[in-house]
1. So with the 1.4 Å probe, I'd like the accessible area per residue for segment 1-119, rounded to whole Å².
2. Taking the chain as the reference, fit the longest principal axis to its C-alpha atoms, fit the long axis of helix 276-286 to the helix C-alpha atoms, and give the angle between the two in degrees, 0 to 90, nearest 10.
3. So, R0 is 45 Å and r is the distance between the beta-carbons of residue 152 and residue 84; what FRET efficiency does that work out to, to 0.05?
4. Can you give me the % of accessible surface on the chain that is carbon or sulfur? Probe 1.4 Å, all protein chains present, nothing else counted.
5. Once each part is reduced to its C-alpha centroid, what is the distance from segment 68-130 to segment 151-191 in angstrom?
6. Do you know the relative contact order of segment 54-138, to the nearest whole percent, from alpha carbon pairs under 8 angstrom that are 6+ apart?
7. Would you mind computing, in nm to one decimal, how far apart the modelled labels at residue 178 and residue 61 are, each placed 7 Å from Cα along Cα→Cβ?
8. What is the spin-label model distance, in nm, from residue 290 to residue 117 if the labels are put 7 Å beyond Cα along the C-beta direction?
Amino acid sequence: MGAASVSAASPVVAEVTRSGFVESVHRGSVAVLGGESRGDVASPVFPRSSNKPLQTVGMLRAGLAPRDESDLALISGSHYGEALHVRRVREILEAAGLKPAALRCPASLPLSAQVRDDWLRRQGGPEPILMNCSGKHAGMLATCVSNGWPLESYLDPAHPVQRAITEAIADLAGEPVAAIGVDGCGAPVHAFSLTGLARAFTRLVETGPGTHERRVADEMRAHPELVQGTGGDDTVLMGAVPGLLMKGGAEGVVVAAVSGVGAVALKIEDGGQRARTPVLLDELRRLGVEVPVLEELILGGGEPVGVVRAVR
């Protein structure tokens, strides 16, 4: 599904209704391990933040020693900038002997609209530590400190920490990394197939207890509030569905896995975020996973007049 393969031939996976009328549709590709895949699940995509748990495994393999195991959830997450998230990032950095100035992610405001509004009312401005990827960056820096590696260049794809992450992603996905780009946070982002992404998350939930893979999966599932934040789909669904590991990414990507059941990785072709959760929940139900109803409502005059729903 890379640049050369995006095509109108991708199946319609979701439709948007308004007042009983189908107003829009979203096409996409869905890789299902344990079920029926649809669309192009073999060509590489950038999973964006859905890569983060795999990157954390790479850090652990390279020697990351978290001050607290639950920090692995935050390092693997896309946090909302709530107080507990910002405090945790500071603590990860402090444990490594670093200050927030070491972060090389761009200055940002919190992802959560409420937290962002509260921050601005207090006359706060954008800061790198508020960026949703600051936990991942703090983890990369802590890995560098534990190895005595350079800090200033930790985002360079040739840096030892990034080489270790690339190797881990290829291993977990079971296929070579097809391309390395620059993510929104400035860190390298790796391209591989949706099937590889589903395969990697299966590795995380099915590898034995105590392994690096399982440590990441277990901490994310035990502390979903650190993976995203209040009301976020990752947080809500992992908190509601026993054994579910889930991580969303930008541009319409999301992946989920349940040990002994299967895994789903999908990309909405137009990058629309509103369609990914309805499609994911539909696929999980087809695998036999009991998931709550999370509706993506369409408003008219401030009232619900339609929904975004999965279709086949």
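The values are calculated or read from the model by the stated rules, or taken from the named source; none is laboratory data. The shown structure was predicted, so the numbers you read here are calculated from the model rather than taken from an experiment. Cβ atoms come from the backbone with ideal geometry, glycine included; neighbour counts cover every protein chain shown. The accessibility values were calculated without ligands, DNA or RNA, using every heavy atom of the protein model including side chains. Shrake-Rupley method; radii C 1.70, N 1.55, O 1.52, S 1.80 Å.
1. Value returned for segment 1-119: 42 Å² of accessible area per residue.
2. 70
3. 0.95
4. 52
5. Each part reduced to its Cα centre gives a spacing of 22 Å.
6. After rounding, I find 38 percent.
7. In this crude label model, residue 178 to residue 61 measures out at 2.1 nm.
8. 3.6
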